[in-house]
Amino acid sequence: MQTTEDSWTVQAGSHGRWRAVSSMHRERGEALERLEWYRVHAPRSVSYRLARVTTTVTTTVETV
């Protein structure tokens, strides 16, 4: 069985380098709220974007 889960984070970057600046959020709306906060309160010399992290989990059952 395989399941896919998405998480969201805000990344900050300048000069082509990006790094996460928020914790991971399961809900996109929560991450969007955080992104808007950064765009209003953080330095304007830095760009901010929303990043989605997709994780695929595979479950295998063995008969023992």
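Would you check if there is a residue in segment 39-47 being modelled with pLDDT of 95 or more and of a type in the set (A, V, I, L, M, F, W, C)?
no
Out of all the residues in segment 4-29, which are part of a strand (DSSP E or B) and under 13 Å from Arg52 (Cβ atoms)?
Once the filter is applied, which keeps residues that are part of a strand (DSSP E or B) and under 13 Å from Arg52 (Cβ atoms), segment 4-29 yields Thr4, Glu5, Asp6, Ser7, Trp8, Thr9, Val10, Gln11, Ala20, His25.
Considering only residues of segment 30-59 that are in contact (Cβ under 8 Å) with a residue 12 or more places away in the chain and assigned to a loop (DSSP other than H, G, I, E, B), which is nearest to Gln2 (Cα to Cα)?
Here the answer is Thr59.
Would you mention how many residues in segment 1-57 are open to solvent by less than 70 Å² (accessible area, probe 1.4 Å) and aromatic (Phe, Trp, Tyr)?
3
Among the residues of segment 1-33, count how many are within 11 Å of the chain's Cα centre (by Cα), over 30 Å from Thr60 (Cα atoms) and of a type in the set (Lys, Arg).
Going through segment 1-33 one residue at a time, the tally reaches 1.
The values are calculated or read from the model by the stated rules, or taken from the named source; none is laboratory data. Quick caveat, the model's predicted, so the values are computed rather than measured. Note: ideal-geometry Cβ built from the backbone for every residue, glycine included; neighbour counts use all protein chains shown. Surface accessibility is based on the protein's heavy atoms, side chains included, excluding ligands, DNA and RNA. Shrake-Rupley method; radii C 1.70, N 1.55, O 1.52, S 1.80 Å.
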